[in-house]
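Okay, structure first, notes after.
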Amino acid sequence: MAAPTTPFTFQHTPQLPEILAELGCSLVVSTYQAGKVIVIRSDGERLVQLPRTFEEPMGLAVDGDRMAVATKHALVLLANEPRLATSYPRQPDTYDSLFVPRSVHHVGALAVHDMVFTEHGLVGVNTLFSCLFQLDPRFSFRPVWKPRFVSALAPEDRCHLNGLALEGGAPRYVTALGATDAPGGWRAGKERGGVLIDVASGEIMLDRLAMPHSPRVYDGKLYALLSSSGEVIWVDTERRQYEVVHRVDGFARGLARCGDYLFVGTSKIRKQHTFGDLGLAGRREAFCGITLLHLPTGAFVADLRYQRTCEEIYDVQVLPGLRQPGLLGLHDDAYRRALSTPEQVFWGREREGDD
């Protein structure tokens with residue numbers, strides 16, 4: 001457990017390192033409030049974290065050896081290069097994988113929330129324009145879908161579209177904080193005006209939700225988070241009803257699964273925040289961290305609680321099969337020297353002067 005004077009100090013229940021080790025996975029978490037993407041891994045007895053600097057990171061997407069990070073003005077695409085991991089100059093023979101930035105797509109300040117890798121490339125939630133978009137190297141973004149109730153694409157955050165779930169490799173469900181079509185129209189009824197939408201049909205499946213985020217489909221079942229009530233829900237898509245699986249202490253946002261376990265991100269809400277007028281704001285029992293639940297029963301298993309520096313989490317993703325992952329951020333020049341081809345890898349040197 002980290003020393004109490006260091007940044008990103010946390011406490012956790014004793015069994016969490018063992019569970020992560022048994023699952024053979026690590027976690028990656030984004031916190032735009034602290035400006036970090038944090039890798040959390042276990043050595044079987046303790047948790048180790050790697051905070052890496054990105055500009056206000058929010059949505060994360062992970063698919064095999066690919067990772068994407070949505071920052072304030074750009075999307076950063078990273079690739080896992082295990083061959084570079086073992087020879088990382090600063091810590092050789094430490095990591096079993098190493099995610100290295102490979103491209104930056106300058107989208108502008110779109111407030112990109114959830115993202116997913118699909119058979120057609122990276123698709124994300126463009127909250128500013130109230131639409132789903134596809135990454136296109138020729139444009140800031142290529143719109144691919146918008147809710148029926150949004151009459152036009154405009155940089156006005158009309159409904160605060162935020163969450164995105166895949167099913168069968170394609171976008172299937174989205175969440176928004178209101179079925180509204182005016183600039184910032186969702187704000188007036190944000191605490192209980194949320195909606196869950198079927199992308200394929202365009203129909204609103206559930207409404208009057210408590211700030212829904214992070215929809216996910218696991219084994220054919222749809223789950224989501226009701227952020228302002230801290231509820232993890234299972235959605236019966238045929239009956240268009242939901243059941244509460246568990247309630248966590250905090251603003252619930254960020255959901256991932258590994259095996260029989262769900263990892264749920266929770267945040268504190270500051271009074272000066274956009275959501276600072278919620279009943280949850282300033283509540284003493286709310287904490288920033290990750291709650292681990294047993295998926296088949298919904299039972300609490302373990303948690304991790306940040307005590308310093310980190311107060312809000314946006315996304316949580318699992319890195320399956322990676323026990324000691326490393327990650328390089330854009331504010332560390334090490335990524336500039338991480339050179340790879342299909343056949344070889346090298347750690348280069350910075351050029352000195354002009355040639």
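The values are calculated or read from the model by the stated rules, or taken from the named source; none is laboratory data. Keep in mind it's a predicted model, so treat the numbers as computed, not measured. Cβ atoms come from the backbone with ideal geometry, glycine included; neighbour counts cover every protein chain shown. Each accessible area value is taken on the protein alone, full model and side chains, heavy atoms only, with ligands, DNA and RNA left out. Shrake-Rupley method; radii C 1.70, N 1.55, O 1.52, S 1.80 Å.
Out of the total accessible area of the range 145-250 (probe 1.4 Å, heavy atoms of protein only), what percent is carbon and sulfur?
That fraction is 45 percent.
At most 15 other Cβ atoms within 10 Å and a DSSP loop assignment: could you name the trypsin sites (Lys or Arg not before Pro) in the range 33-110 that fit?
Arg46, Arg90
Hey, how many Å between the Cα centroid of the range 63-132 and the Cα centroid of the range 1-54?
Cα centroid of the range 63-132 versus Cα centroid of the range 1-54: 19 Å apart.
With θ set to phi - 60°, apply the Karplus curve 6.51 cos²θ - 1.76 cosθ + 1.60 along the range 187-199 and write out the HN-Hα couplings as whole Hz, x wherever there is a Gly or Pro.
5, 4, x, 4, 6, 9, x, x, 9, 10, 10, 7, 5
Sort 232-243, 19-30, 217-228 by the packing proxy (mean of other Cβ within 10 Å over each peptide's residues), most packed first.
My ranking of the peptides, most packed first, is 19-30, 217-228, 232-243.
Report, in listed order, any pair from Lys146/Lys268; Lys72/Lys146; Lys72/Lys221; Lys36/Lys221 with a Cα-Cα distance greater than 27 Å.
Lys146/Lys268; Lys72/Lys221; Lys36/Lys221
Heads up, I need the accessible area for Thr86: 1.4 angstrom probe, whole protein in place, Å², nearest 10.
Its accessible surface works out to 70 Å², give or take rounding.
Ranked from highest to lowest mean number of other Cβ atoms within 10 Å per residue, what is the order of the peptides 139-146, 293-300?
139-146, 293-300
Run down the aspartates and glutamates and flag those whose C-alpha is under 17 Å from the C-alpha of Lys190, throwing out any fewer than 8 positions away in its chain.
Filter leaves Glu156, Asp157, Asp181, Asp207, Glu231, Asp277.
What does the accessible area per residue of the chain come to in Å², with a 1.4 Å probe and no ligands, DNA or RNA counted?
Result: 44 Å² of accessible area for each residue.
Tell me which label goes with the value of mean projected area of the Cα convex hull in nm² computed from the coordinates here: (i) 20.0; (ii) 19.1; (iii) 27.5.
Label of the calculated value: (ii).
Which ³J(HN,Hα) values, rounded to whole Hz and listed in residue order, are derived for the range 226-242 from phi using the Karplus coefficients 6.51, -1.76 and 1.60 in 6.51 cos²θ - 1.76 cosθ + 1.60 with θ = phi - 60°, glycine and proline given as x?
So the Karplus estimates, Gly and Pro as x, are 9, 5, 6, 9, x, 9, 9, 10, 10, 9, 7, 5, 7, 8, 6, 9, 9 Hz.
Provide the gained length on full extension for the span Asp260 to Arg66, in nm with one decimal, where the gain is 0.36 nm per separating residue minus the Cα-Cα distance.
The Asp260-Arg66 span can extend by a further 67.5 nm.
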